[in-house]
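Encoded as structure tokens, the structure appears first; notes follow it.
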Amino acid sequence: MSPQSVTNATVKMPSKLATTSIAQPLTSYSVEKPIEAITLNDENLKVLWDEALSTLGNDTFVQAANDCQLTLVDQNNFKITTHNIFFERDYNGEKTAILTYIRKKSGHVHLNSTVNVLMEKAKKQAYTPTEKFEAMLQKNASLGAFRLVFTDIDF
């Protein structure tokens, strides 16, 4: 190699150099103490449920949620029973916040919930003459014998 070629050599340096050195101390982060898992029962669950609802800003949902009945199925599942047909839709929007709060406070990280909506059966109405006669026949069975004796009467 000639001395002239060495003087014309260029060295490429990285555009960004490391800004920290080995001598700098590492940043330490505080780690939360693990929470001891409490034994859940229906009363503890209801208290945690009410606390979780108080953190929400949705007053309409909170009012509907207060009318629900909570039942602990096992230590990782609970059932919410309600008569409100719209509660399940609204609960799905708030479910993450509620379950996160209860899981954090109780120590049960696998806690989950299901919603059961109880529907009341509507009383069946009799509209046609045949349906009306059958309804009367259920109340008084002797009406069938009465109809057999008097065949010309239309009910």
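Distance check, please: which entries in Lys79/Lys121; Lys79/Lys124; Lys79/Lys104; Lys79/Lys139 exceed 27 angstrom between their Cα atoms? Before the final figure, lay out the partial values.
Details: Lys79/Lys121 22 Å; Lys79/Lys124 30 Å; Lys79/Lys104 19 Å; Lys79/Lys139 39 Å.
Going by Cα-Cα distance, Lys79/Lys124; Lys79/Lys139 fall outside the 27 Å limit.
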Item to check | Among beta bridges that DSSP assigns inside the stretch 42-155, antiparallel share in %, nearest 5 | outcome: 45
Checklist outcome for this item: Heads up, the stretch 115-155 by the C-alpha gyration tensor (a ≥ b ≥ c square roots of eigenvalues; a/c under 1.5 rounded, else a/b over b/c prolate, else oblate) looks prolate
Checklist outcome for this item: In the neighbourhood of Ser113 defined by beta carbon distances under 10 Å, the net charge of the other residues (Lys, Arg +1; Asp, Glu -1) is +2
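I want the local charge near Asn77. Using Cβ-Cβ distances under 15 Å, sum +1 for each Lys or Arg and -1 for each Asp or Glu among the other residues. Can you show the working numbers first?
Values: positive: Lys79, Lys95, Arg103; negative: Asp42, Asp74.
Charge balance in the 15 Å sphere: +1.
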Checklist entry - Among the aspartates and glutamates, which fall within straight-line cross-link reach of Lys95, defined as a Cα-Cα distance under 17 Å, with same-chain neighbours fewer than 8 residues apart omitted? => result Asp50, Glu51, Asp59, Asp67
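Computed from the coordinates by the stated procedures, all read-outs in this text should not be read as laboratory data. From a predicted model like this one, the values you see are computed outputs, not experimental measurements. Neighbour counts run over all protein chains shown; Cβ positions are idealised from the backbone, glycine included.
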